[in-house]
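Taking it in order: structure first as structure tokens, then the write-up.
The values are calculated or read from the model by the stated rules, or taken from the named source; none is laboratory data. All values reported here derive from a predicted model rather than from experimental measurement. Note that we place each Cβ from the backbone using ideal geometry, even for glycine, and neighbour counts take in every protein chain shown. Quick note on the areas: whole protein, heavy atoms, side chains included, nothing else; ligands and nucleic acids left out. Shrake-Rupley method; radii C 1.70, N 1.55, O 1.52, S 1.80 Å.
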Amino acid sequence: MSKTKASSKKLSSFQTIIIGFIAVILAGALLLMLPVSKRGEGSASFLDALFTATSATCVTGLITQDTATYWSGFGQAVILTLIQIGGLGVVTIAAAFAMLSGRRIGLLQRSTMQDSISAMEVGGIVRLTSFAIKITIAVELIGAILMLPVFWSEFGAVRGIWYSLFHSVSAFCNAGFDLMGVREQFSSLTFFSGSAVVNIVIILLIVIGGIGFLTWDDIKTHRFSLKKYRMQSKVILATSGILIILPAIYYYVEFSGSSWDMTTGERILAALFQAVTPRTAGFNTVDLNLLGGGGLLIMIVLMLIGGSPGSTAGGMKTTTAAVLFSSAVSVFRKEKETSFFGRRIPEDAVKNAAAILLMYLTIFMSGAVAISNIENLPLKLCLFETASAIGTVGLTLGITPSLGTASHIILIVMMFLGRVGGLTVIYAAVSGSKSNLSKLPQEKITVG
């Protein structure tokens, strides 16, 4: 076989990422089907195991069975391992083992690592991957230590340590899995709505994990010299700040209503928490079914936007939303180009952002309509659930556990697409296709 034919059969980086995630999900599902993974007699069904493994690997948090009461300690450890692998990325974990073993990382592997963490260039990718792993371990340990006194006093030493570590990893990886079912099944963190320590630590872990490792690399390198930051980091920090502050103000006003029995401090914590968690952590400290239509709509939008590129979060990404907004502003101002902080945005970025928005909206609404018709449920409930799935969030209005097989399969596919990225799937499918260099005749069309 010629070298040309051999090279053409090599997997692209996008195909490698997809296959890696599928392999981890299937391996996790098989482990969760073992009798030792489940509490009580028997073993978990394949669908429950597959759904849980997909949700954990895709750092979503939607569940069909309560994590604390259904899965054993071994099963919970499997779920936590899947969360860690999914948060950092399959390729990043594989690269970590390669670096620890002293193996040389070739150019093809570096290119795959670049696509995995959305780095801008191959140069320095090994250093950046090493930095991502180190900051992940450090932040997760610090988060666990800070929450340990609270969980120790509530659940004792052994469970307190385990609960602190589990929730720290779950929060940093924006997964939303919790072990609070020991208090009440599917209750998330509602029993700790008044705990300033738990609320603030979880919020910080979600934000730190969600702004991306490239941004943290800028923070580490340039500290408070914001002018030296990459333009992308500036956009991420500015957009993330806006997407936290404005929803928090709205939720504070809503929680001030007579239907919410909260002190001022509890309202502040609850408002901040509910503003942060939809992008894309999945914890909640209040009963989401009590939120008004406006509050639920804001959550759906935040879930679809998600976190930032190269982070542990999913969703369309903050940069996508920022590019679309800036593009609209440039149209309103009759400017030919989109820009941020004195820098032009490539036309391809605007096209990609528009394609991603169309893709997410299509999948999100199609899935909701399908589940609504299959289950005969109100469309509003299904829209919230599918937004949570495609955004890899994990927030729920309580319908996921009671859905049928077909609806669970729809959510599994949506969680997978939300984690690996719609464009990754498309690029993997069309990998190797040649671009057409010729151009068709141009003709004007009226829009708007």
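Over the chain, the Kirkwood radius and the radius of gyration, each from Cα atoms, give a ratio Rg/Rh of 0.97. Taking the chain as a Gaussian network of alpha-carbon nodes connected by springs under 10 Å, the highest mean-square fluctuation of the residues I142, I206, I305 belongs to I142. Here the relative contact order of the range 5-75, from alpha carbon pairs under 8 Å that lie six or more residues apart, stands at 30 percent.
Counted as membrane-span-like here are DSSP H helices of the chain whose alpha-carbon atoms extend 27 Å or more along the helix's own axis and whose Kyte-Doolittle mean is 0.5 or above; these are 13-32, 125-155, 231-255, 347-375. For the peptides 396-406, 254-264, 268-278, 67-77, the ranking by mean Cβ contacts within 10 Å, running from highest to lowest, is 268-278, 67-77, 396-406, 254-264. Accessible area per residue for the chain, computed on protein heavy atoms with a 1.4 Å probe, is 48 Å². The apolar share of the surface of the chain, taken as the fraction of accessible area on carbon and sulfur atoms (1.4 Å probe, ligands and nucleic acids excluded), comes to 64 percent. Each Cα pair under 8 Å and six or more residues apart adds its sequence gap; the mean of these over the residue count of the range 118-190 is a relative contact order of 20 percent.
Its relative contact order, with pairs defined as Cα atoms under 8 Å and 6+ residues apart, puts the chain at 18 percent. Dividing the summed -39500 (n - 2.57) terms of all DSSP H runs of n ≥ 4 by the residue count of the chain sets its mean residue ellipticity at 222 nm at -20500 deg cm²/dmol.
Straight-distance candidates among the aspartates and glutamates for linking to K351, with alpha-carbon spacing under 15 Å and chain neighbours fewer than 8 residues away dropped: E337.
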